[in-house]
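Working notes for the structure below.
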Amino acid sequence: KPDMPAIGYRTPRAIRDLHPSGYNDVLVHNMQELEDLDPACDAARISASIGKRKKALMLEKASELGIKVLNK
């Protein structure tokens, strides 16, 4: 019978809900939500419902603001 998980197996609280890159993963649907992000701690994930033309504009704006985009 394998060992049962114990309290020590849990992820540390400081990094519990972060993306593996160390940023907060934030889903954005429009340009205003993208502009509200903090480049120091947030990374954008552009919604799948965004079209090709708008996504290109959002990627350009994100690079101007210094925001990391997780799904380029």
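Annotations
- Any chance residue 39 is assigned to a loop (DSSP other than H, G, I, E, B), surrounded by fewer than 14 Cβ atoms within 10 Å (Cβ to Cβ) and touching a Lys or Arg at 6+ places or on another chain (Cβ under 9 Å): yes
- Residue match in region 14-33 (condition: among the charged types (D, E, K, R), under 21 Å from residue 59 (Cβ atoms) and without any contact (Cβ under 8 Å) to a residue 40 or more places away in the chain): yes
- Failed item in (1) loosely packed, with under 13 Cβ neighbours inside 10 Å; (2) at pLDDT 95 or above; (3) not aromatic (Phe, Trp, Tyr), with residue 45 passing the rest: (1)
The values are calculated or read from the model by the stated rules, or taken from the named source; none is laboratory data. Just so it is clear, the model here is predicted, and its values are computed rather than measured. Note that each Cβ is placed from the backbone with ideal geometry, even for glycine, and that neighbours are counted across all protein chains shown.
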